[in-house]
Amino acid sequence: MDIILIGAPGAGKGTQAERLSQILRIQHVASGDLFRKAFQEQTELALKAQRYVDLGELVPDEMTIPAVLGHVEEPESLHGALLDGFPRTLAQAKALDEELQRIHRQIDLAIYLKVPLEELLRRSTGRLFCYANQHVYHDTFRPPPVAGRCDLDGSTLYQRPDDTGEVLRRRFVIFFNEVTQVLDYYREQLKLREVDGNQSIDQVQAMLLNEINNSRRRETKA
Ligand code: AP5
Ligand code: MG
């Protein structure tokens, strides 16, 4: 299956995608994580993309689309991909459809994780990120067992520089400006589902799995 998780900054896309990709055995492809990994490795993509991420702006489509589609086509994504943070613009959504069609795949489901703004702020400002593999924690909602250390790989936890102040505000403005077009695009294709993301991590996971299983059942019948 190829599934998209759509949601504002802090909605829980990464948290859920980390779990669901293991349960469903499909590859988690997160555009933000790809950029942050590129920054650590100082790749050519990093040199071009970093100034946009640092300002909370979208990285231009001509850099983002090839970077993400490359991962969607990898052998690891042969059984499908769980896309987190992509597509964020209509042009990205169309490019994704074209590419999937070319390789005889298609988006099965686009799920919008809806969370109220004040909760998004609480989640974003308390988030802790693992340096080595971008595992996600929260100082209150999901504290690491050992302070400052990732439980899964032992690496240092840090606060993302784009999780504070004006940069965080800018990310929200851009998200809410762009998302309507993307939601409409999948709604018109009858692929859009909404899930209430303002529940515990386990409850949200259960609701997402429910939507995914329903979609699978529909496809099996068709
Ligand atoms: P990106 O990294 O994709 O950031 P984002 O979309 O803004 O989303 P976040 O990662 O902030 O939130 P999330 O939904 O993953 O939440 P999480 O699970 O961590 O993008 C960063 C930048 O890269 C962009 O600003 C842009 O510059 C660039 N970029 C990326 N994609 C692009 C694209 N397609 N086009 C152009 N540019 C692009 O959870 C948040 C916190 O809440 C965590 O602490 C977690 O523990 C906690 N939490 C999660 N769920 C719950 C719950 N149910 N209850 C309580 N706490 C919870
Ligand atoms: Mg994320």
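Coordinate-derived values only; no laboratory data. Quantities reported herein were computed from a predicted structural model and do not represent experimental measurements. No Cβ is skipped: glycine too gets one built from the backbone with ideal geometry, and neighbour counts run over all protein chains shown.
Descriptive notes on the structure:
- When the alpha-carbon atoms of the stretch 25-76 are used, the pair Rg, Dmax equals 11.2, 34 angstrom.
- Charge tally in the Cβ shell below 14 Å around Pro60, where Lys, Arg are +1 and Asp, Glu are -1, Pro60 excluded: -1
- Calculated translational diffusion coefficient of the stretch 32-181 (4 °C, 1.567 mPa s; Stokes-Einstein with Kirkwood radius over alpha-carbon pairs) equals 76 µm²/s.
- Computed [θ] at 222 nm, deg cm²/dmol, the chain (DSSP H ≥ 4; -39,500 (n - 2.57); rounded to nearest 500): -16500 deg cm²/dmol
- Formal net charge of residues neighbouring Ser124 (Cβ-Cβ distance under 10 Å; K, R +1; D, E -1): +2
- Taking other C-beta atoms within 10 Å as the exposure proxy, Phe176, Phe86 rank Phe176, Phe86 from fewest upward.
- With neighbours defined as other Cβ atoms within 10 Å of a residue's Cβ, the residues Arg149, Arg169, Arg36, Arg123 order from fewest to most as Arg169, Arg149, Arg36, Arg123.
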